[in-house]
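Asks: Here's a structure for you.
Taken together, the values in this text are just the output of simple stated rules run on the coordinates, not laboratory data. These numbers were taken from a predicted model, which means no experiment stands behind them. Cβ sites come from the backbone with ideal geometry, for glycine too, and all protein chains shown count toward neighbours.
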Amino acid sequence: MKYSPLCIVLVLLTCQSYMPWKSEWKTKDGTELFFAAVSAKASQQAIESGSLAMRKSTCVNATNLLSTSPKLTAILLEQESVELDEVETKDLSRLIASHKIKPKQEFCQTEEGSYFFTSPAWESCQCIYTIEYPGGRKQFRQDLTQIK
């Protein structure tokens, strides 16, 4: 039995499933890095426009804005299961800022499955950013101890 290429594409499009990424520490090329999963939404204008390219670009741009904000501090703290009060969180944010850490975007994916006729793809998305914290996780934990 032969299947047409269109049939195969339709099956692949309808069978895709979204697997969320998680934030975690990993070693890459001998360096301990924090991989931060950042989620965001496309702009309302992009969603209403129906343009896939506009949805994707505004969604990815939104993750870029979040990746340079206190959101990363919150993701790091969540990973270590540590709660800080408002003053301690500000102190940690200042410490992280003093390291001049520049998150690097690695990958992005739509948070929706693909559909053939009406596609919600890229209305929301998730990107992975790598963060090279000086001294890695061990130093981050020591910095947390000093702040608390």
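Asks: Name the trypsin sites (Lys or Arg not before Pro) in the stretch 49-108 that are in a loop by DSSP and that have at most 11 other C-beta atoms within 10 Å, would you?
Replies: Passing both the DSSP loop test and the Cβ count: Lys100.
Asks: List the relative contact order of the stretch 21-147 as a percent without decimals, with contacts defined as Cα pairs under 8 Å and 6+ residues apart.
Replies: After rounding, I find 34 percent.
Asks: Using amide H atoms built 1.01 Å from N in the peptide plane, name the residues 5+ places from Ala121, or on other chains, whose amide H lies under 5 Å from its own.
Replies: Those qualifying (amide H under 5 Å, at least 5 residues apart or on another chain) are Tyr115.
Asks: May I pose another question? Cut-off under 13 Å on the C-alpha distance; same-chain residues fewer than 8 positions from Lys26 excluded. Which aspartates and glutamates are left, in chain and number order?
Replies: Reachable aspartates and glutamates: Glu132.
Asks: Here's another thing I want to ask about it. Please give me, ordered by residue number, the GluC sites (Glu not before Pro) of the stretch 21-96 that lie in loop per DSSP and have at most 11 other Cβ atoms within 10 Å.
Replies: Hits after loop and neighbour filter: Glu83.
Asks: Taking Lys148 as the anchor, which lysines have their alpha carbon closer than 20 Å to its alpha carbon, excluding any fewer than eight residues away along the same chain?
Replies: Correct list for Lys148: Lys71, Lys90, Lys138.
Asks: Follow-up question, since we're still on this one. What Kirkwood hydrodynamic radius do you get for the stretch 41-148 when you take the inverse of the mean 1/r over all pairs of distinct Cα atoms, in Å?
Replies: Working: mean 1/r = 0.0642 Å⁻¹.
Kirkwood hydrodynamic radius for the stretch 41-148: 15.6 Å.
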